[in-house]
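Here the structure is laid out as structure tokens; the discussion comes afterwards.
What follows draws every value from the coordinates through simple rules; no lab data is involved. As the structure is a computational prediction, the values presented were derived from the model and not from experiment. A quick note on method: Cβ atoms are made from the backbone with ideal geometry, for glycine too, and the neighbour counts reach across all protein chains shown.
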Amino acid sequence: MSEGESTAAGWYEATRVASPERPRLNFDLDVDVCVIGAGLAGLTVAREVARRGWSVAVLEAKRVANAASGRNTGFVLPGFQETIDSMVERIGLDHTKQLWALLEQGLDYVRRTIADTGMPGVDPVPGWLHISQTDNGGEIRSEVERLRWIGANVEAWSTERVREALPNKRYFGALHFPGAIHIHPLNYALGLAADAEKFGARIFEDTPAIAVDPAGIRKRIDTPGARVRAGHVVLACNIQLGDLMPRLGATLLPITTFVLVTEPIGPLLQEVVRYRGAVSDTNRADNHYRIVGGDRLQWSGRMRAWQADPRWVRRGLVADIRRNFPDLGKVEVAHLWRGTLGRAIHRMPQIGEIERGLWVASGFGGHGLNTTAMGGELIARGIVEADPTWRMFAPYELVWAGGMLGRVLAQGIYWGTRPIERIEQGLSRYRERSRTRKQVRLAARNGHDRPPAETTLPSGEPPEGILERRLLRALRRKSEPPAAPPAAPE
Ligand SMILES: Cc1cc2nc3c(=O)[nH]c(=O)nc-3n(C[C@H](O)[C@H](O)[C@H](O)COP(=O)(O)OP(=O)(O)OC[C@H]3O[C@@H](n4cnc5c(N)ncnc54)[C@H](O)[C@@H]3O)c2cc1C
């Protein structure tokens, strides 16, 4: 892997479809809507505004989808970054259900757009498996109930079923979302841009907005070579918003994560990773993976609150693969890159009109593929049809993200929860082994050669006292649990 590849989204760039270079804006322009930022949020707004017959110009500082939208993991999932429990607590059950329904529309928007436009190179594959590494089958079942109650298409997978799809002793039960998909995100963004242009949208690359004057009916947007006048301005600049509007930009916490794609592994990969959908095995920014290009593994994780050099996390990511799938042997890294997303303190997107004619479409966090689709369409409808649905996001206001202290805290929480999770996971594996040993002894005493098959699966509570003794010992040593290998060096 060359040094240059560490900054480009290597695998996506290597497999991107042909797309034109768009011109720089060098003449003054008058439009109904000016969108700043050609990521998924801005492109969706532009496509939907143009489809409704209004004139729209998109200003992009670099190239279409050069940032988070063209370098993410490609999972199009239901759900927000915020948990259902916190949403219900803050906005109530009915409101949560309504937001969830909007989200499903976002997921559907992506699916429909891919199908309707026949976008090349997007390759949608169904399914998302969100695996637990602790033996919390009861919690998974109640989570499924809760999610179904608010309208999610989800099912519980048993430990046995998960391990059949992904033979990994660390894995227990899982939530399975059959309606989710994973895609080539850069080709999706390029397809959106092409389709928006088909409806009349104009996209200018290498054209940063350097000042916005939102006063008056016609707003002014300055670029280095020309000025745009527009009735509505949509700020879809993600974390770079701070360069244009520092106070607004300060409401986002930048989170950088890293994505790796291996060299071809061959048929062994499909034998070891039998599930074809997207997989996540933590609640954090770690271990999100899928098969790409038939025989390569894409793996992402290792969050940082700053834009660290991808080479610093390379060994850690490779160690994560090895820990989960030792049967793959040594994997070679073909591409490694980083991307930065913007997350609000309340972990919900920032969608809406902040002053007359000035709109924000931002803060989509780690669930940006469905929420940019939903948010983009809501804003276009808000602008063109005066549809007030976007106001459903009003409880999630623009809140200061804490500046440098916010970043330090985010990093501290990530680093702090890793060892705790590892201890919990180690305890789960210990409980499983101890239950199996006990069942073997019981079976031997009863004259069977081996325990009945179902009793070898983890279920029920641990023998009294063992968990506490083990936890105490693990905490006393302040190290990894006995069953887990040492933490990967980074
Ligand atoms: C590594 C990684 C993995 C991820 N994985 C997933 C995933 O699997 N599933 C999921 O749902 N989400 C995922 N996300 C999140 C998702 O990618 C983002 O939430 C989403 O792409 C945000 O889109 P956006 O349009 O708001 O921002 P961006 O894609 O960042 O686009 C903003 C654009 O604005 C431009 N811009 C900024 N300032 C200016 C200016 N002044 N003038 C002109 N242009 C400007 C930038 O150049 C950029 O092109 C991931 C993110 C990362 C980084």
Would you kindly derive the ³J(HN,Hα) couplings of region 152-169 from the backbone phi angles with the Karplus curve 6.51 cos²θ - 1.76 cosθ + 1.60 (θ = phi - 60°), listing them in order in whole Hz, with x for Gly and Pro? 7, 9, 8, 9, 8, 10, 6, 4, 4, 5, 4, 5, 5, 7, 9, x, 8, 5
Residue-wise HN-Hα coupling along region 71-85, computed from phi with Karplus coefficients 6.51, -1.76, 1.60 (Hz; x: Gly, Pro): 9, 8, 7, x, 8, 9, 10, x, x, 9, 6, 6, 7, 4, 4
Could you pull the Rg and Dmax for region 1-145, using just the Cα atoms, both in Å? 19.5, 62
What is the set of long-range amide H partners of residue 334 at a cut-off below 5 Å, with H atoms built 1.01 Å from backbone N? 261, 262, 263
Going through region 1-90, which GluC sites (Glu not before Pro) have at most 11 other Cβ atoms within 10 Å and a DSSP loop state? 3, 21
Could you please tell me the mean projected area of the C-alpha convex hull for region 284-377, averaged over all directions and given in square nanometres to one decimal? 8.2 nm²
Debye intensity ratio I(q)/I(0), log10, region 100-241, q values 0.14, 0.19, 0.20 Å⁻¹ (C-alpha model): -0.87, -1.13, -1.19
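Taking neighbour Cβ counts within 10 Å as the exposure measure, how do 325, 364, 177 sort from fewest upward?
Lowest count first: 325, 177, 364.
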Whole-Hz Karplus ³J(HN,Hα) for region 236-246, in order, using 6.51 cos²θ - 1.76 cosθ + 1.60 and θ = phi - 60°, x for Gly and Pro? 10, 9, 6, 5, 7, 3, x, 5, 8, 9, x
Divide, for region 248-320, the radius of gyration over alpha carbons by 2.2 N^0.38 Å, where N is the residue count. 1.27
For residue 65, enumerate residues with amide H under 5 Å from its amide H, sequence gap 5+ or separate chain, H modeled in the peptide plane. 38, 39
Ranking 300, 19, 280 by Cβ neighbours within 10 Å, fewest first, what do you get? 19, 280, 300
